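Reading through the structure tokens given below for one structure.
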Amino acid sequence: MQDIMPTWVGATAKQIARGVRRGDVSATQVVADHLDHIARADAELAAFRAVRGGEAITEAEKVDEQEDLANLPLAGVPVAVKENTAVAGLPTWNGSAAVRTAVAEADHEVVRRLRGAGAVILGVTRMPELGLWALTDDETGVTRNPWDPRRTPGGSSGGAAAAVAAGLVPMAHGNDGLGSIRIPAACCGLVGLKPGRGVVPCQLGADDWFGLTEHGVLTGTVADAVVGFSVLAGRRPDKLEQPPRLRVGVSLRSPVRGVSPDAPNRDAVAAAGRLLAAAGHDTVPADPVYPTRLGLAGIATWFAAAAADVQAAGLERGVLQRRSRRHVALGEWAQRRGYVREADRAAWRDRSVNFFADHSVDLLLTPALAGTPPEAAGWAGRSWVANMKANIGYAPYAAPWNIAGLPAIVVPVGRRPDGLPVAVQLVGPPGSELLLLGIAGQFEMQAPWQRHAPGYPRVGTGSPATA
């Protein structure tokens, strides 16, 4: 991490793709640069579960041989894939050796789309077992936040967020069942969009966590998020339009009784309100009414989703980590007692969609987190109660919008007093992904954020990242 040299590490996905299409650099060189950076930096971070060194170089060479580079929006862009999503030639780890499945014979559809757009898959990033936790670690390693290695990068797409924040890749795939893109994006100062239900094919686990899970990307810029979203959604990259004047509801209300945002997260919402006003939008107080039944339905679904995945995989509960065993057992109990009901989820979806009309607002602004990211530690060896308290205590704001199936985005808006990034969440009605990205773009234009954690990556004057 001490040498400084000309490199394409630190460039955005759009810069890399443009350079490869123009012939300024080969995909092979870009990938080699990033593999070298991973070899230097990831020993401390543990962002990657497996790196495809030689295979990625071969893949990059094939990109360089293509004649239609002009039609590849991610030409030569190094991308990481979350380890619960099939990549041909690799096991699908799902967060631990105990739940790893056999080497995949074919790519998942979202991986196929990334490769079809010219991306080169460098490897798979770490996540907690079964994607259950907003804390990423297992018996083989603890994934660390590049902004402060003593802190978690969040989860469950924790490895993906750490990789992007450290410049190991400019874009990483993630998926979000109860906040698993948005929580790590907030922890690591990134843009993280959860698309609305059905926009991107999911096909994960037993049944996509009862339909709560969506695929997306984590990036350092809004422009990269737009390209990544478009590719995963199977459409040509959209050009962001300037949003019209909007009326945005603002709420600090927590979905979890007894959990409130701390001062830095309250201040972040206030700062985002000022950015909205400066861009010509109106803000008004507008609190969603989170019914007690929603909390029970969400927690029961979280438990039962784990049980369903374990049952579908034919696993014995005893092979799981301590925290996961208890979670699955509670899921089996919730299923037997009939606590996992589509009617409860549907009622919240209807209420959420109606919220925008009822309050005459176009979007909703909330905190992204309630507190600072917990310590990076061996949470897999701690009790279920300790993990639950840590998860719910710092990250309660994301889950309701998975149950509702609405699009939501996390955007950085500054720093906490301890130097860690702080972010806000914006939620929109069905089909508002590009509107959310457009507002995020206005935030980025008015108050640009630092794309990488301090000290990452080390780039020289030959890099487009410093041009």
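The values are calculated or read from the model by the stated rules, or taken from the named source; none is laboratory data. If you're wondering where the values come from, they're calculated on a predicted model, not measured in any experiment. A quick note on method: Cβ atoms are made from the backbone with ideal geometry, for glycine too, and the neighbour counts reach across all protein chains shown. Please note that ligands, DNA and RNA were not included when accessible areas were found on the heavy atoms of the full protein model with its side chains. Shrake-Rupley method; radii C 1.70, N 1.55, O 1.52, S 1.80 Å.
Just from its helices, what would the mean residue ellipticity at 222 nm be for the chain, if runs of 4 or more DSSP H residues each count -39500 (n - 2.57) and the sum is divided by every residue, rounded to the nearest 500 deg cm²/dmol? It would help to have the intermediate numbers written out before the result.
Details: 15 runs with 182 residues, N = 467.
So the helix-based figure for the chain works out to -12000 deg cm²/dmol.
Give me the number: length gained by fully extending Ala447 to Ala312, i.e. 0.36 nm times residue separation minus the C-alpha to C-alpha distance, one decimal in nm.
On the way: separation 135, 0.36 × 135 = 48.60 nm, distance 4.62 nm.
That pair, Ala447 and Ala312, stretches by 44.0 nm at full extension.
Order these peptides, 68-74, 130-136, by their mean beta-carbon neighbour count within 10 angstrom, highest first.
The densest-packed peptide leads the list: 130-136, 68-74.
Rounded to a whole number of µm²/s, how large is the Stokes-Einstein D of the range 69-137 at 4 °C and 1.567 mPa s, given Rh as the Kirkwood radius over C-alpha pairs?
Details: Rh = 12.6 Å.
Once the numbers are plugged in, D ends up at 103 µm²/s.
So how do Leu240, Leu420 rank on accessible area, 1.4 Å probe, biggest first, that is with the largest at the start?
Largest accessible area first, the residues go Leu240, Leu420.
So what's the net charge close to Ala308: Lys and Arg +1, Asp and Glu -1, counting the other residues with Cβ under 14 Å from its Cβ?
Residues close to Ala308 contribute a combined charge of -3.
Considering only protein heavy atoms, what is the solvent-accessible area of Glu375 at a probe of 1.4 Å, reported in Å² to the nearest 10?
80 Å²
If we sort 20-30, 340-350 on the protection proxy, mean other Cβ atoms within 10 Å, highest first, what's the order?
On the way: 20-30: 18.7, 340-350: 15.8.
In descending order of packing, they fall as 20-30, 340-350.
May I ask for the distance between the Cα centers of the range 305-321 and the range 57-87, given as a whole number of Å?
33 Å
Would you please give the FRET efficiency between Thr101 and Thr58, computed as 1/(1 + (r/R0)^6) with r the Cβ-Cβ distance and R0 = 25 Å, to the nearest 0.05?
Approximately 0.55, to the nearest 0.05.
Hey, of (1) 20.5, 62; (2) 20.6, 66; (3) 23.4, 86, which did the structure itself give for Rg and Dmax of the Cα atoms in Å when calculated?
Checking each listed value against the structure points to (1).
Stick to the Cα atoms of the range 1-80, pair each with every other, and give me the Kirkwood hydrodynamic radius in Å at one decimal.
13.1 Å
Would you report the distance distribution of C-alpha pairs in the range 205-248 as whole percents per 10 angstrom bin, up to the bin with the largest distance?
It works out to 23, 34, 35, 8, 0, in whole percents.
So what's the net charge close to Leu190: Lys and Arg +1, Asp and Glu -1, counting the other residues with Cβ under 11 Å from its Cβ?
Working: positive: Arg182, Arg451; negative: Asp224.
With Lys, Arg at +1 and Asp, Glu at -1, the neighbours total +1.
Can you give the Rg to Rh ratio of the range 352-467, both from alpha-carbon atoms, with Rh computed by the Kirkwood formula?
Across the range 352-467, the Cα-based Rg/Rh ratio is 1.05.
State the extension gain, in nm to one decimal, for the chain segment bounded by Asp36 and Ala206, taking 0.36 nm per residue of separation less the distance between their alpha-carbons.
Here the answer is 57.5 nm.
In the chain, what is the count of Lys pairs whose alpha carbons are under 26 Å apart, counting only pairs at least 8 residues apart or on separate chains?
9
Which whole-number percentage describes the relative contact order of the chain, with Cα contacts under 8 Å and a sequence gap of 6 or more?
Relative CO of the chain lands at 20 percent.
Distance in nm between label sites at Arg150 and Ala277, each 7 Å beyond Cα in the beta-carbon direction?
3.6 nm
Order the peptides 243-250, 301-308 from the highest to the lowest mean number of other Cβ atoms within 10 Å of their residues.
Details: 243-250: 16.8, 301-308: 24.9.
Highest-to-lowest ranking by the protection proxy: 301-308, 243-250.
How big is the Kirkwood radius of the range 221-336, worked out from every pair of different alpha carbons and given in Å to one decimal?
With all distinct Cα pairs of the range 221-336 included, I get 18.6 Å.
Compute the normalised compactness of the range 94-212: alpha-carbon radius of gyration over 2.2 N^0.38 Å, N being the residue count.
In units of the globular-protein estimate, the range 94-212 measures up at 1.03.
Could you give the length gained by full extension between Ser383 and Ala263, i.e. 0.36 nm per residue of separation minus their alpha carbon distance, to one decimal place?
Values: separation 120, 0.36 × 120 = 43.20 nm, distance 2.88 nm.
Length gained, Ser383 through Ala263: 40.3 nm.
Summing Lys, Arg as +1 and Asp, Glu as -1, what charge do residues with Cβ under 10 Å from the Cβ of Thr372 carry, Thr372 excluded? Kindly include the intermediate steps, with their values, before the conclusion.
Working: positive: Arg151, Arg416; negative: Asp148, Asp262, Glu375, Asp418.
Neighbour charge sum, excluding Thr372 itself: -2.
Roughly speaking, what % of Cα-Cα pairs in the range 278-399 are separated by over 23 Å, rounded to a whole number?
That fraction is 47 percent.
Could you grab the relative contact order for the range 194-246? Cα pairs under 8 Å, six or more apart, rounded to a whole percent. Provide the component values of the computation, followed by the final result.
Numbers: 44 pairs, mean separation 15.2, N = 53.
Answer for the range 194-246 is 29 percent.
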